[in-house]
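One structure is given here, and the rest of the page talks about it.
The values are calculated or read from the model by the stated rules, or taken from the named source; none is laboratory data. Just so we're clear, the structure is a prediction, and the values are computed from it rather than from any experiment. Quick reminder, even Gly has a Cβ in these numbers, built from the backbone with ideal geometry, and neighbours come from all protein chains shown. We work out accessible area using only protein heavy atoms, side chains counted, and drop any ligands, DNA or RNA first. Shrake-Rupley method; radii C 1.70, N 1.55, O 1.52, S 1.80 Å.
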Amino acid sequence: MITSTRRVPPDKSEVRIAFSLDDTSDIKDVEDLSQTFPDLEQRLQPVPPCMSLRESVQVYKEHCRMAREFQHVKHEISILEERKRKLLAELVEDEKVAVEIVRLEEEFQRLTEENRSLVTHHSERRQQLERLCLANRTRQDSS
């Protein structure tokens, strides 16, 4: 094991760095070196570590973790984009329905007014008919 200590001014804490060329505990659990990440550009693919350097192995493991996280985030983004597409389609459909509702309300108002007019006209014609029938009977009775 190699240890290095550097003296620093009293107001700063001491920095100690230690590493070993013989300690391979991190190397034993290195992920499969053939692991690839197809969503990553070639230049961003994790580079297999130098197995004799713990720091290289740690960097490799961290790089693989970040690549997996990238894949996860990219997958979530695609799911959210699909959801957004569906919601936009629903919004367009809802807007069409809203336009149709307005059109139907206007048609209902127009038909309601037309109905009132026809009912009034019908009532007036019925009264006119009753008066004519009454006048006709009076004429027949007087003849």
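Things worth noting here:
- Ordering of 38-48, 65-75 by packing [mean C-beta count within 10 Å, highest first]: 65-75, 38-48
- Couplings 3J(HN,Hα) of the stretch 117-131, computed from phi: 4, 5, 5, 4, 4, 4, 4, 4, 5, 5, 4, 4, 4, 4, 5 Hz, in residue order, whole Hz [Karplus 6.51 cos²θ - 1.76 cosθ + 1.60, θ = phi - 60°; x for Gly and Pro].
- Approximating the spin labels as points 7 Å out from Cα along Cα→Cβ, the R116-to-E90 distance works out to 3.9 nm.
- Accessible area of the stretch 30-143 belonging to carbon and sulfur atoms, whole % at 1.4 Å probe: 58 percent
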